[in-house]
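A.B. asks: My questions all concern the structure below.
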Amino acid sequence: MTTPTDANIESVLRDMTAASDQRTSLWRAALKHAPARAGSRRRLAWLAAIAQRPLASAAVLIVGVGAIFGIGTVTRHTLTSPTPRAQFPDAFQWRTSESLATAKRQVNSMVGQDFLGIDPRSNAAWQAIRRADVTHKSLICPSTTATDMSRYARFQYDESVRDAVNAAPVTLDGFRNDQDAYDSDSADLRGLGQGMYVYESADSPGKADAIRATTFDELRLAADSPPNADASAADASTFGERQVVRRATIEIKTHDVRAVFLKAQYLIKPTRGEYIQDSGIRGEGDKATAELTIRVDANRLSAFLNEMRALGDVQSEVLTGDDVTTQIVDLEARLRNEQRVEAELLELLESRKDAKLDEILKLRQSLGEIRARIETMTGQREQYRRLVSLATVLILIRAGDAVQTAPESHWQAFTQLMSSSWHTGVAYLGEVVAFLVRALVGGLIFWIALAGVLIYLRRKLVRRNAE
Amino acid sequence: MDAPSDETLLRQFADGRMSALGTLAQRYEASLLGLARGLLHKRDDLAHDAVQETWVRVIRFAHTFNGNAGVKTWLYRIAINQCRDLSSMAARHASHGDPANVIEPNANAQNAETAAIETERDETIRSAVDALDVNKREILLLCYHKGLTHNEAAAALEIPVGTLKSRLHAALNELRERLNQEAP
């Protein structure tokens, strides 16, 4: 064989890598096995990873959702657990931002017998007390927490407010026995900030008792003391007969719902016109609940509530007062006016006996309309009077542990705390397990669909790997 | 109307137009397959794999193509890398005693049909080329591949053109020496 020339070499080399004459469409095959975009591939990567272990992924998902729910439940429970403030949703609470007019209106509506929550920084509140119609009232302000104490101290050093308070004939006692107030049960003012008790009269015997009082029970007793007759007369002369519609809601927890339900019915005094407006009891044992709507003599409301408090563990207590004096005064004025017109028409009818028939008929028609209005207004007035004279008390009774006595020792306190924590923890656990069961059973269709998708993805991945 | 450039086609494909890849494949698939067959000692199965894998990578990374080099160069570079990978993989299999995958220097001789139509001289040249060092063989095949200029071959190998030419010169010299030695 002769030595190959360069041309021979070039020819062979070109031939070795000559373009294939074979018809192929390898790009189509590639397209089947590779997503068009690397981005989408990356996005699907986690799905592929999940698909590798569908059961483990589903388990992790369920546990994750359960954990999130558990944390959420605990957080919600913690945040929404009944705080003293929450137990007084309708209590009057002044804030620094409230205007003097608002504060005045609130003060006026609280004449008589309610707890007030007050932010001691609220100058408007104190100004209102000084300027409003309740300047004759006695206000006891037991401090409740160290924070409140410091606020109160600042308040004391605020000259303008101090002058306002000093100028008002009110009694303020904010430095006495705050620990008792702090330790008092939830029905008291704990957590409300400064508590105020508004007395019927500055000169009532209750005021002196209240100043000497060292506990809330004593404060209550002082508040329930009968007012001084002269002072009451002075009040009446100053303010007229103030008409306040009072409503109270008291929630009681007891181990014997039926017994408390029956006892509450015996507390009313039919001779004073008191009656049971509504009553009902449902469930048994731990699930028993009862409701009573009782109309009691407004003058006896405090005494009645005291008796109710003794029947069980008070969970919440809300007292509201709706001053309808203006409405009644207005109604009576219009009524008097209508009666005057009626009298004039009657007089006219009497003096014009010889008038034409159609004129007489017109007069009688007008008279009829006026009398209808008089009757309506009389009915409204009576309704107001009934509402004012009889306070409405809604009593909610539900089953629960008996009232706990104060622990006798630290060890007892510790065991009580541990017991309480255990029960709370078990309750949380129960809620979480219940949620998991709900999610598992309720979302069965979703889980099946998810498992289907994961199994499909897994098979697809395995097939791709095999190829 | 002028045919769209390679870059336009690749961009269109990256934007989701699948047919653009088909057009690109129509331009280069046969050449790539020929080159792969040469680099892989006429192993058709491996050559097909190399080209298919080249397209897979194009599909995956089309959106990352930055245009620093031409699309053609980019395609050849991917194909060459795939051939290198497959070649070394086949060599590993061969070392594990899988005689079916052993790449013999003159494996083409086994193809009876090819052997029948090729002259003895050509066969000698092929054998001499196959006996060369891998890098020199690669340089030779790329430089004489019909679809590539020297500049494009240098870009595909990521080396300067001067280096390519000197290596080509060296490879040709060695090939000639081998052929001279074999000549009687």
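A.B. asks: Can you confirm whether A:G379 is more than 30 Å from the chain's Cα centre (by Cα) and at negative phi? Spell out how you get there, then give the answer.
C.D. replies: Values: more than 30 Å from the chain's Cα centre (by Cα): yes; at negative phi: yes.
Judged against the criteria, A:G379 is a match.
A.B. asks: Now a separate question. Hey, B:K42 hits all of (1) assigned to a helix (DSSP H, G or I); (2) at pLDDT 75 or above; (3) over 21 Å from B:Q12 (Cβ atoms) but one; which does it fall short on?
C.D. replies: All conditions pass for B:K42, except number (1).
A.B. asks: Cβ-Cβ distance below 8 Å, separation of 6 or more or different chains: which pairs start in segment B:164-184 with a residue that is closer than 25 Å to B:E152 by Cα and more than 11 Å from chain A (Cβ to nearest Cβ) and end on one that is polar (S, T, N, Q) and part of a helix (DSSP H, G or I)?
C.D. replies: Hits for this filter: B:R167/B:N135.
A.B. asks: May I ask you to say which residue of B:A62, B:A155, B:A100 is surrounded by fewer than 18 Cβ atoms within 10 Å (Cβ to Cβ) and either part of a helix (DSSP H, G or I) or modelled with pLDDT of 85 or more (or both)?
C.D. replies: Matching residue, one of B:A62, B:A155, B:A100: B:A100.
A.B. asks: On to the next question. So, in segment B:8-22, how many residues would count as being surrounded by fewer than 17 Cβ atoms within 10 Å (Cβ to Cβ) and more than 9 Å from chain A (Cβ to nearest Cβ)?
C.D. replies: 4
A.B. asks: Moving to a separate point now. Inside segment B:132-146, can you point out the residues that are in contact (Cβ under 8 Å) with a residue 40 or more places away in the chain, crowded, with 20+ Cβ neighbours inside 10 Å and in a loop (DSSP other than H, G, I, E, B)?
C.D. replies: B:H145
A.B. asks: Mind checking which helices (runs of 4 or more DSSP H) fall wholly inside segment A:298-411 and carry at least 2 residues that are exposed (fewer than 11 other Cβ atoms within 10 Å of the Cβ) and touching a residue at least 12 places away in the same chain (Cβ under 8 Å)? Even if it seems obvious, please write down each step before you answer.
C.D. replies: Details: elements: A:301-309, A:325-351, A:357-389.
Helices (runs of 4 or more DSSP H) meeting the threshold: none at all.
The rows are residues; the columns are (1) modelled with pLDDT of 50 or more; (2) closer than 13 Å to B:R43 by Cβ; (3) facing another protein chain (nearest Cβ under 10 Å).
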residue: B:A90; (1), (2), (3): yes, yes, no
residue: B:H93; (1), (2), (3): yes, yes, no
residue: B:R121; (1), (2), (3): yes, no, yes
residue: B:V129; (1), (2), (3): yes, no, yes
residue: B:V134; (1), (2), (3): yes, no, no
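A.B. asks: While we're on this one: At pLDDT 75 or above and small (G, A, S): which single residue out of A:A290, A:A222 fits that description? Spell out the reasoning first.
C.D. replies: Numbers: A:A222 fails: at pLDDT 75 or above.
Answer to the selection: A:A290.
A.B. asks: Just for segment B:24-39: of the residues that are within 8 Å of chain A (Cβ to nearest Cβ) and within 24 Å of B:A14 (Cα to Cα), which one is surrounded by the most Cβ atoms within 10 Å (Cβ to Cβ)?
C.D. replies: Keep residues of segment B:24-39 that are within 8 Å of chain A (Cβ to nearest Cβ), which gives B:24-25, B:29-31, B:33-35, B:37-39.
Still in the list and also within 24 Å of B:A14 (Cα to Cα): B:24-25, B:29-31, B:33.
Working: B:L24: 24, B:A25: 24, B:E29: 24, B:A30: 19, B:S31: 22, B:L33: 26.
Of everything passing the filter in segment B:24-39, B:L33 is surrounded by the most Cβ atoms within 10 Å (Cβ to Cβ).
A.B. asks: Can you name the number of the only condition in (1) part of a helix (DSSP H, G or I); (2) facing chain B (nearest Cβ under 8 Å); (3) modelled with pLDDT under 75 that A:R43 fails?
C.D. replies: (2)
A.B. asks: Would you point out which residue out of A:I374, A:I370, A:I397 is under 30 Å from A:H255 (Cα atoms) and not polar (S, T, N, Q)? Please lay out each step first, then the result.
C.D. replies: On the way: A:I374 fails: under 30 Å from A:H255 (Cα atoms); A:I370 fails: under 30 Å from A:H255 (Cα atoms).
Unique residue meeting the criteria: A:I397.
A.B. asks: Please go through segment A:413-459 and give me each residue that is of a type in the set (F, W, Y), within 21 Å of A:T75 (Cα to Cα) and free of Cβ contacts under 8 Å to residues at least 40 places away in the same chain, ordered by number. Even if it seems obvious, please write down each step before you answer.
C.D. replies: Taking segment A:413-459 and keeping what is of a type in the set (F, W, Y), we get A:414, A:422, A:428, A:435, A:446-447, A:456.
Next, from what is left, pick out any that are within 21 Å of A:T75 (Cα to Cα): A:422, A:428, A:435.
Of everything in segment A:413-459, just one residue is of a type in the set (F, W, Y), within 21 Å of A:T75 (Cα to Cα) and free of Cβ contacts under 8 Å to residues at least 40 places away in the same chain, namely A:W422.
The values are calculated or read from the model by the stated rules, or taken from the named source; none is laboratory data. Not measured: the values here are computed from a predicted model. Don't worry about glycine lacking a Cβ; one is built from the backbone with ideal geometry, like all the others, and counts go over all protein chains shown.
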